[in-house]
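Just dropping this structure here.
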Amino acid sequence: MTRLHHLLAGASLAALLAACGAPEPGAGVQPGAASAPVTEVAAAELSESERLNAWFEEQFEAEIARSPMTQTYLGRKSDYDLLDDVSPQAREEEYRRGQARIAEMRERFDYDALDADAQLSWRLAEYDAAREAAGWRFRDNAYVFTQRSGAHMSLPAFLINQHRVDAVEDAEAYIARLTNAAAYLDQHRENAETRFEAGVYPPLWTYAQMIETSRNVIDGAPFVDGAADSPLLADFRAKVEALDITAPEKAALIERAEAALTDSVRPAYQRLIAMFEAQAESATNDDGVWKLPDGDAFYAYLLSNYTTTDMTAEEIHQLGLSEVARIHQEMRAIMETVGFEGSLQEFFAFMRTDERFYYENSPEGRQRYLDEATALIETMEARLPEVFNTFPEADLVVRRVEEFREASAGKAFYQRPAPNGSRPGVYYANLRDMADMPTYQMEALAYHEGIPGHHMQLAIMQELEDVPSFRRFGGYTAYTEGWGLYSEYLPKEMGFYEDPYSDFGRLAMELWRAARLVVDTGIHHHRWTREQAISYLIENTPNPEGDATSAIERYIAYPGQATAYKIGMIEILRLREAARAELGEDFDIAAYHDVVLRQGAVPLQVLGELVETWVAEVQAAE
């Protein structure tokens, strides 16, 4: 999810430089890596580019200091007992600071005196500030809570996955955060109530899922006598039990956590559930953002923000239809290869139902999936030097999505590593229902979320040297997800997907992203219903109904975001082939990948400029 989505939703988990971009959850910097303030004497000895980079670091650190939760995401333990301020006042102050920084940058520094890298940083800072300014009018148009996002699910995930307990004081901080959870959740609830009054709320069908997720958090001990531990208590108990302290000391800490859960967490969730139930009584089932204040303009802005292009909703819709038709043709060729007789839709039904493509809904079946996904990544990792020059240092692990949130989580996703080495990159697979995780898609999923996909791109980005932090930990969805989808295709060129069914899985994943262009714009531009969009996916893709339903519900919750994947992939491939045509035998795919990866995330237009510059440099060196 982008920084902008958090801003619009009133959340500040990723509250970094509004003017200079921001990290997605899980990004980070080295503890103590901040640049020291630049004195007047030292500044006189620096180049203009060095002065600008030092200033970027100062501003980055100043904003980080205002977000305790972002500090934790970055692997730091400062303000470890606090949660963020997500009030409208705090959000407006953050926005004003960001806009003021750009004015300060223009006044203090000379663009023409900067080197090329620093000029790129300047341009990206301006781009991000303009993006924030354009979106400010829509700041109350995003949903505070949905079935896929919101503090009701992100707060427990944050404590479980981000809050490390290495010493007693860390456990004390965890307890303090449990106590502070009431105020934090109440702020989100108040924001949601204000927006509901203005007509900004998710469709009626989302409320049952939000209520279920909230009840899951407060189900079990200490909320229910004699029950197994609730997710938060189980996490806290495991972390405390691993400490090298006496049994009575552990018991005392656990008892205090139980009190905080009972006295703070439970009442806050009960208030949330009461709000969800009250809103559900009058909520409608209109699914698109067209229903919101200035909804059409809001959607146009979201498309521009996510794709970093000026494509209209109708242009994106038509692109999706043409890509779906093209991929269907490639799938028919695979049908011939495997000797299947029947229509494409009948082949889809076969792929959905044949038991050979699905593991059992059992602990053994789930573990087998995790083991084989890990093996696929390890095999790919050994082949990377064939097409890459640069490799990430951070480790990658494959994990199952935690059970308390798997009902509302996505099919698969990636969490960035902490750059101080305290946390690896994680490819999360949602194994709640193995019928939604066909084995023929396993290969493409592993490449997308792991290597050479998100882990490679994001880990390399945050390991870059001599690049301002806002660039190492920022992001543009079309670039990041475009790379992820490109990373599904690249292994095909390397000789992977030897099994035709696995190659069909690759095409199925690409088809899924092409269909997203159709259904996202269908819902939010053409005013399709949830049921119309689900039917389109079932008819035009091999994915099971549960997968299609979950996907459409995601696109309703995150309007526009899903369009970025295919648009980004198309551009990365187009730029590659244009460079190949220009350079001929001098084209080096590993060098091309360096151009794409070694500047970090950029808007697609800027990526095109970087590739053009590289091509010219190669030609000049002949």
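Looking at (1) over 23 Å from the mean Cα position of the chain (by Cα); (2) surrounded by fewer than 24 Cβ atoms within 10 Å (Cβ to Cβ); (3) over 22 Å from ARG574 (Cβ atoms), can you tell me which one PRO542 breaks?
PRO542 satisfies all of (1) over 23 Å from the mean Cα position of the chain (by Cα); (2) surrounded by fewer than 24 Cβ atoms within 10 Å (Cβ to Cβ); (3) over 22 Å from ARG574 (Cβ atoms) except (2).
Can you spot a residue in segment 332-346 that is within 30 Å of VAL401 (Cα to Cα) and in a helix (DSSP H, G or I)?
No: segment 332-346 contains no residue that is within 30 Å of VAL401 (Cα to Cα) and in a helix (DSSP H, G or I).
Something else now. Please specify each residue of segment 191-238 satisfying the condition of being more than 29 Å from ARG527 (Cα to Cα), without any contact (Cβ under 8 Å) to a residue 40 or more places away in the chain and in a helix (DSSP H, G or I).
Answer for segment 191-238, where residues must be more than 29 Å from ARG527 (Cα to Cα), without any contact (Cβ under 8 Å) to a residue 40 or more places away in the chain and in a helix (DSSP H, G or I): LEU233, ALA234, ARG237, ALA238.
Give the residue, chosen from ARG148, ARG123, that is more than 26 Å from ASP79 (Cα to Cα) and at pLDDT below 95.
ARG148
Do any residues in segment 136-147 that are surrounded by fewer than 22 Cβ atoms within 10 Å (Cβ to Cβ) have Cβ atoms under 8 Å from those of residues that are modelled with pLDDT of 95 or more and not aromatic (Phe, Trp, Tyr), where the two are at least six apart or on different chains, and which pairs are they?
Close Cβ pairs (under 8 Å, with a partner that is modelled with pLDDT of 95 or more and not aromatic (Phe, Trp, Tyr)) amount to ARG137/ASP294; ARG139/ARG91; ASP140/THR194; ASP140/ARG195; ASP140/ALA198; ASP140/VAL200.
Six or more apart or on different chains, Cβ under 6 Å: which pairs go from a residue in segment 567-596 that's among the charged types (D, E, K, R) to one that's in a helix (DSSP H, G or I)? Could you list them?
GLU571/LEU604; ARG576/TYR592; GLU582/VAL615; ASP586/VAL618
Right, something else. How about segment 147-174: which of its residues are among the polar types (S, T, N, Q), part of a loop (DSSP other than H, G, I, E, B) and under 20 Å from SER230 (Cβ atoms)?
Within segment 147-174, GLN162 is the sole residue that qualifies.
Enumerate the pairs (first residue in segment 598-622 and in contact (Cβ under 8 Å) with a residue 40 or more places away in the chain and of a type in the set (D, E, K, R); second residue anywhere and buried (at least 18 other Cβ atoms within 10 Å of the Cβ) and part of a loop (DSSP other than H, G, I, E, B)) with beta-carbon separation below 8 Å, excluding pairs fewer than 6 apart on the same chain, so at least 6 apart or on different chains.
If the second residue must be buried (at least 18 other Cβ atoms within 10 Å of the Cβ) and part of a loop (DSSP other than H, G, I, E, B), no pairs are left.
Only one of these is of a type in the set (A, V, I, L, M), over 22 Å from GLY410 (Cβ atoms), buried (at least 20 other Cβ atoms within 10 Å of the Cβ) and at pLDDT 95 or above: ALA533, ALA601, ALA579, ALA564. Name it.
Unique residue meeting the criteria: ALA579.
Evaluate segment 63-74: report whether one residue or more is buried (at least 20 other Cβ atoms within 10 Å of the Cβ), in a loop (DSSP other than H, G, I, E, B) and basic (Lys, Arg).
There is no residue in segment 63-74 that is buried (at least 20 other Cβ atoms within 10 Å of the Cβ), in a loop (DSSP other than H, G, I, E, B) and basic (Lys, Arg).
Output yes when any residue across segment 101-121 is aromatic (Phe, Trp, Tyr), surrounded by fewer than 21 Cβ atoms within 10 Å (Cβ to Cβ) and closer than 22 Å to GLN605 by Cβ, and no when none is.
yes
How many residues are crowded, with 24+ Cβ neighbours inside 10 Å and not in a helix (DSSP H, G or I) when one looks only at segment 505-530?
0
Starting from segment 372-395, take each residue that is closer than 22 Å to TYR358 by Cβ and list its partners that are of a type outside the set (A, V, I, L, M, F, W, C) and buried (at least 16 other Cβ atoms within 10 Å of the Cβ), counting only C-beta distances under 6 angstrom and pairs at least six apart or across chains.
LEU376/GLU443; ILE377/GLY450
The values are calculated or read from the model by the stated rules, or taken from the named source; none is laboratory data. Just so it is clear, the model here is predicted, and its values are computed rather than measured. With ideal geometry, Cβ positions are generated from the backbone for all residues, glycine too; neighbour counts draw on all protein chains shown.
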